[in-house]
1. Looking at the stretch 103-196, which GluC sites (Glu not before Pro) are DSSP coil and have at most 16 other C-beta atoms within 10 Å of their C-beta?
2. Which of the lysines could a cross-linker span from K121 if the Cα-Cα distance has to be under 20 Å and same-chain partners fewer than 8 positions apart are dropped?
3. Can you list the HN-Hα couplings for the stretch 81-94, worked out from phi with the Karplus curve (6.51, -1.76, 1.60; θ = phi - 60°), rounded to whole Hz and with x for Gly and Pro?
4. Can you work out the PRE-style zone for T164? Point 7 Å along Cα to Cβ, and I want the residues of the stretch 122-138 with backbone N under 11 Å.
5. Please report, in cubic angstrom per residue, the volume enclosed by the convex hull of the alpha-carbon atoms of the stretch 127-277.
6. What lysines does K240 reach when the alpha-carbon gap must be under 23 Å and sequence neighbours fewer than 8 apart in one chain are set aside?
7. Determine the per residue accessible area of the chain with all protein chains present and a 1.4 angstrom probe, expressed in square angstrom.
8. If you average the sequence gap of Cα pairs under 8 Å that are 6 or more apart and divide by the length of the stretch 128-277, what percent do you get for the contact order?
Amino acid sequence: AKDEGRNNYQFYTTTLGAKNPELLTLEKSLRYALERQELMVYYQPRIKIATGEITGMEALLRWQHPEMGLVAPNVFIPLAEQSGLIISIGEWVLRTACSQNQIWQQAGLPPLTIAVNLSPKQFRQPKLLETVAEILAETGLEAQFLELEITETTAIEDLDFTRTVLQGLQEMGVHISIDDFGTGHSSLSRLQLLPLHNLKIDKSFIQELTTDIKVAHIVKAIVTLARSLGLRLTAEGVEKPEELDFLKSIHCEDVQGFLFHKPLSAEKATEVLKSGR
Ligand code: C2E
Ligand code: CA
Ligand code: CA
Ligand code: CA
């Protein structure tokens, strides 16, 4: 289906540059996207390799623009970030995702973690803890079923600040995940002082896993180190059976990727959960 492909928004990612007038128009219409209900949250399953079960879902934002079709998050999230719109949009994503997870639990489905991405500006907004607490109370979701993802780059920019915020979230019982791990060129030792639950190895590593032996060694080292620090490990962007075989052989816990599922609409995600795949 159109809404699940990547190619239909390729145009926007490749032809629009910064300060492009079309980008300005896009930014204006993004201001109305929320109230016009053009934004949607899609869900990508996270699978536990050992059992094949779905243990989590990552919430991924989609924008169904009335004229332009599906606009990629890589295009409009930066716009939302620059304009500050990310605060209200991010809050909506968080509320929608928590509420969806609560709906799944109340339908009697096995409990899942819902992972929600936080942009740098969202992570640095003073009211973050308050907002998260409010949304959990409002939706009734237990904190342990929410995981917040911040990128490695966001995390290491100001480690003291990061530690303070993450400790606050940990006290609430929310889980923390480091996204795009390996791209920020930090070492795990810099992150070990943070209260983390999960590391996500960036998909750029997975893409080279079976063609570059050095990358395979790096991934193996990351898996070993994560285990010694007591962190779960998720490999993202798994597309090929060979990649899965390798990840299995080095005892990586979880995978996410097109090999299993693309991001799904709430409706399709519910079907997948109910069919137990
Ligand atoms: P991310 O957090 O690293 O999300 C993973 C991206 O990889 C998603 O792209 C997902 O569709 C894609 N992906 C998953 N499996 C595969 C695979 O097997 N192969 C390939 N090639 N790609 C795969 P998406 O949905 O386009 O999102 C792109 C980025 O936009 C996200 O990267 C995240 O940084 C940002 N984003 C998405 N939703 C939100 C949101 O609600 N809030 C914020 N702040 N950022 C978001
Ligand atoms: Ca993510
Ligand atoms: Ca990622
Ligand atoms: Ca990314």
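The values are calculated or read from the model by the stated rules, or taken from the named source; none is laboratory data. All of these numbers come straight from a predicted model, not from anything done at the bench. Don't worry about glycine lacking a Cβ; one is built from the backbone with ideal geometry, like all the others, and counts go over all protein chains shown. Note: areas computed on protein heavy atoms with side chains; ligands, DNA, RNA excluded. Shrake-Rupley method; radii C 1.70, N 1.55, O 1.52, S 1.80 Å.
1. Those that pass, being in a loop and sparsely packed, are E142.
2. List returned: K28.
3. Each residue of the stretch 81-94 in turn: 5, 5, 8, x, 4, 4, 5, 6, 5, x, 5, 5, 4, 4 Hz.
4. Inside the label zone: 126.
5. Considering the Cα atoms of the stretch 127-277, their hull volume per residue is 126 Å³.
6. K2, K48, K200, K203, K214, K220, K248, K262, K268
7. Per-residue value: 48 Å².
8. 17
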